[in-house]
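The values are calculated or read from the model by the stated rules, or taken from the named source; none is laboratory data. Just so we're clear, the structure is a prediction, and the values are computed from it rather than from any experiment. Every residue, glycine as well, gets a Cβ built from its backbone with ideal geometry; the counts of neighbours run over all protein chains shown. The area values use the complete protein model at the heavy-atom level, side chains included, leaving out ligands, DNA and RNA. Shrake-Rupley method; radii C 1.70, N 1.55, O 1.52, S 1.80 Å.
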Amino acid sequence: MSACYGRYYITARPAEPYYVRPASPYYGAVWVPGEWVWNGGRYVYINGHWEKPRGRRVYIAGHWDQGPRGYVWIKGYWK
């Protein structure tokens with residue numbers, strides 16, 4: 001594993017854990033999918049959650065990006 005510009009690369013992409021998405025707490029809530037965070041020298045999965053909508057913005061889900069150094073998690077964000 002190596003890091004470059006705050007991005008942490010791994011050789012194999014971890015399997016996403018299975019969990020049941022809870023029911024929406026209210027009408028119009030936006031589901032924000034789970035994220036991978038770097039903690040203790042490895043990626044740890046944080047379950048998704050519901051959020052209040054942010055005007056006309058949309059949530060762009062995080063994803064794994066593969067490059068010559070391995071896999072790196074690209075964090076999700078509101079756009």
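Only residues in region 47-59 that are among the small types (Gly, Ala, Ser) count as the first member; pair them with residues that are open to solvent by less than 70 Å² (accessible area, probe 1.4 Å) and at pLDDT 95 or above, Cβ under 6 angstrom, at least 6 apart or cross-chain, and list the lot.
Short answer, once both residue conditions are applied: Gly48/Val32; Gly48/Pro33; Gly48/Gly34.
Of the conditions (1) in contact (Cβ under 8 Å) with a residue 24 or more places away in the chain; (2) part of a strand (DSSP E or B), Val44 clears all except one; give me its number.
For Val44, the failing item is (1).
Specify which of the listed residues (Tyr77, Tyr18) is without any contact (Cβ under 8 Å) to a residue 12 or more places away in the chain, open to solvent by 100 Å² or more (accessible area, probe 1.4 Å) and not basic (Lys, Arg).
Working: Tyr77 fails: without any contact (Cβ under 8 Å) to a residue 12 or more places away in the chain.
The conditions single out Tyr18.
Just one of (1) at negative phi; (2) open to solvent by less than 80 Å² (accessible area, probe 1.4 Å) trips up Arg57, so point out which.
The number of the failed condition is (2).
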